[in-house]
1. Only Cα pairs under 8 Å and at least 6 apart count here; give the relative contact order of the range 93-175 as a rounded whole percent.
2. Once you've got the Cα coordinates, tell me which of K97/K147; K97/K176; K77/K165; K77/K147 are over 21 Å apart.
3. Which of these, P151, P43, P59, has the largest mean-square fluctuation under a Gaussian network model of the chain (Cα springs below 10 Å)?
4. Per residue of the range 152-165, in order, report the coupling 6.51 cos²θ - 1.76 cosθ + 1.60 (Karplus, θ = phi - 60°) as ³J(HN,Hα) in whole Hz, putting x for Gly and Pro.
5. Given Cα pairs under 8 Å that are at least 6 residues apart, what percent is the relative contact order of the chain?
6. I'd like to know which of V128, T144, W170 lies farthest towards the positive end of the charge dipole of the range 93-175, counting +1 on Cβ of Lys and Arg and -1 on Cβ of Asp and Glu.
7. Hey, what's the Cα Rg ratio for the chain versus the globular rule of thumb, 2.2 N^0.38 Å?
8. For every other residue with a beta carbon closer than 9 angstrom to the beta carbon of A139, add +1 if it is Lys or Arg and -1 if Asp or Glu, then tell me the sum.
Amino acid sequence: MTNPITPTDRTFLRHFSMVIGFLVVVMFALIGFALYLYDKHPPPSNPSHADEVAARVAPIGGVYSGDTGRAALEEAKAAAAKAAAAQVAYGGTLDGKTIFGNLCQTCHTNAATGAPVITDKAAWAPRVAQGVDTLVKHAVDGFTGTKGMMPAKGGNPSLTNEQVKATVEWMLTQVK
């Protein structure tokens, strides 16, 4: 049986192996050079890195049990309410039309939500008869009726009571 590899093939394989070996050496040299450059010129650090890490590892909830836990839970709720109150919605505007357009319009222009539609004067008549103070109280504190529920402050706790009152008064001018 004859050897299928000729001297020419052997020469080719030897040269090809040397080229591959040379390319592997060049590759490791380039990797080493890149690591050297990276060590000498590291990328700038993110100034908010510590805050991001703290946010990622912060607990997502708390366990409250007994009287101590109840007190801690109430304190946490009060802190959250205070933080929400510190951020006044819509720049503190008392323009009821603006607040209605940004917040209340979704429910009060869609009959499917159960909220009285702003253009339906018949649906508003019994509510108007209750008086402005009652409507403002329901809007501020929330209200559950037979057709649905009104979330407190329309679902935006950063609204002030004055903003809610201004919006209710504007809505009443539209339904009378």
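Taken together, the values in this text are just the output of simple stated rules run on the coordinates, not laboratory data. These figures come from a predicted structure and were not determined experimentally. For neighbour counting, all protein chains shown are included, and Cβ atoms are generated from backbone atoms with ideal geometry for every residue, glycine included.
1. Details: 99 pairs, mean separation 32.3, N = 83.
Here the relative contact order equals 39 percent.
2. On the way: K97/K147 25 Å; K97/K176 15 Å; K77/K165 24 Å; K77/K147 29 Å.
Correct reply: K97/K147; K77/K165; K77/K147.
3. P43
4. The phi angles translate into 4, 6, x, x, 10, x, 7, 6, 7, 4, 5, 5, 5, 4 Hz.
5. Numbers: 124 pairs, mean separation 37.5, N = 176.
Relative contact order for the chain comes out at 21 percent.
6. T144
7. Values: Rg = 35.2 Å, N = 176, 2.2 N^0.38 = 15.7 Å.
Expressed relative to 2.2 N^0.38 Å, the Cα Rg reads 2.24.
8. Numbers: positive: K137, K153, K165; negative: D141.
Cβ neighbours under 9 Å give a net charge of +2.
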